[in-house]
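The values are calculated or read from the model by the stated rules, or taken from the named source; none is laboratory data. Remember, it's a predicted structure, so these values are computed and weren't measured experimentally. Here the Cβ positions follow ideal geometry from the backbone for every residue, glycine too, while neighbour counts run over all protein chains shown.
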Amino acid sequence: MKRSLFPFLTLCFCLLFFYLPLAVMMVGSFNNSRFGGPWRGVTLRYYTSLFRDREIWVCLENTLIIAVASTIVCMALGAAAAFALHYFRSKLQFIHQALVYAPLVIPEILMGMSLLLFFVALEADLGMWTIFAGHVTFSMSYVALTVLGRLQDFDFTLIDAARDLGAGTWTAVWKILIPLIAPGILAGGLLAFTLSLDDFVVTFFVSGTDSKTLPIYIYSSIKHGSPTKLNALSTILLIVTFLGAFISRLLAGRAGRTGRIVNKAG
């Protein structure tokens, strides 16, 4: 039977569709044209000017601070919300579940506008704290749903067994429950970190004039700055992302091989 070339051609088209714009962007970061126009030779001056631009590093610092802080809070609140949804059964849980699912289905522009109106009603100064609160608001739901999926396969008889052996409630939670659902909490935390890192819409509404994140800086630079410098910044972020994914895959493969060796030895 003759094999069809259609799946292979479809795969090639999808790869080109996803990665060709990234390749064009990376090549354009070395273009000596200020506005990313016709090719005018190879240059590294946009990379050097990128590292000398203090505003970019301040915006990156703000982005990382908000992403890390909101991720930690979302992991704690999301895990608690998932446990309450799974363990407790009452009529009020319908309302709780609706509140958890709401940020997932509400358009980001509506959430950004509602948060802005809320902070204005409180007469709060827009800044880092309002951005942090906004990111926690929409990221917590993703953590809760990820942990909830983990809890659906959790055997709660382990908690009962720990109590029968003399463990208290908090001991059973910290020694049994948390370690076993930790992969779900970590997965939700990584998702929340990624969402916070590149969020623009909500941040645009709740950020102040003196508190810029990297997405806000990129948006303003597209209109008034140098596109080639942004290509250089995007290239660096892309390389860091691919290195992180490669190292993660490498460590996962090494852990899998170690586990197989231990199982064979046992």
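So that you can scan it fast, the table gives a plain yes or no per residue for (1) closer than 30 Å to residue 209 by Cα; (2) of a type in the set (A, V, I, L, M):
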position	(1), (2)
83	no, no
89	no, no
95	no, yes
108	yes, no
113	yes, yes
120	yes, yes
126	yes, yes
136	yes, yes
148	no, yes
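Just to check your reading of the model, which residue among 126, 85, 116 is among the hydrophobic types (A, V, I, L, M, F, W, C), touching a residue at least 60 places away in the same chain (Cβ under 8 Å) and assigned to a loop (DSSP other than H, G, I, E, B)?
Numbers: 85 fails: assigned to a loop (DSSP other than H, G, I, E, B); 116 fails: assigned to a loop (DSSP other than H, G, I, E, B).
From the options 126, 85, 116, the qualifying one is 126.
Could you tell me which residue of the stretch 209-247 is farthest from residue 50 (Cα to Cα), considering only residues that are modelled with pLDDT of 80 or more and in a loop (DSSP other than H, G, I, E, B)? Per the stated criteria, the residue is 211.
Here are some residues: 172, 161. Which one is over 27 Å from the mean Cα position of the chain (by Cα), surrounded by fewer than 16 Cβ atoms within 10 Å (Cβ to Cβ), small (Gly, Ala, Ser) and not in a loop (DSSP other than H, G, I, E, B)? Talk me through it step by step, then tell me what you get.
Numbers: 172 fails: surrounded by fewer than 16 Cβ atoms within 10 Å (Cβ to Cβ).
Going through 172, 161 in turn, the sole match is 161.
Going through (1) surrounded by 15 or more Cβ atoms within 10 Å (Cβ to Cβ); (2) farther than 26 Å from residue 215 by Cα; (3) not small (Gly, Ala, Ser) one by one, residue 140 falls short only on (2).
Could you tell me whether residue 72 is modelled with pLDDT of 85 or more, part of a helix (DSSP H, G or I) and in contact with a Ser or Thr (Cβ under 8 Å, 6 or more places away or on another chain)?
Numbers: modelled with pLDDT of 85 or more: yes; part of a helix (DSSP H, G or I): yes; in contact with a Ser or Thr (Cβ under 8 Å, 6 or more places away or on another chain): no.
No.
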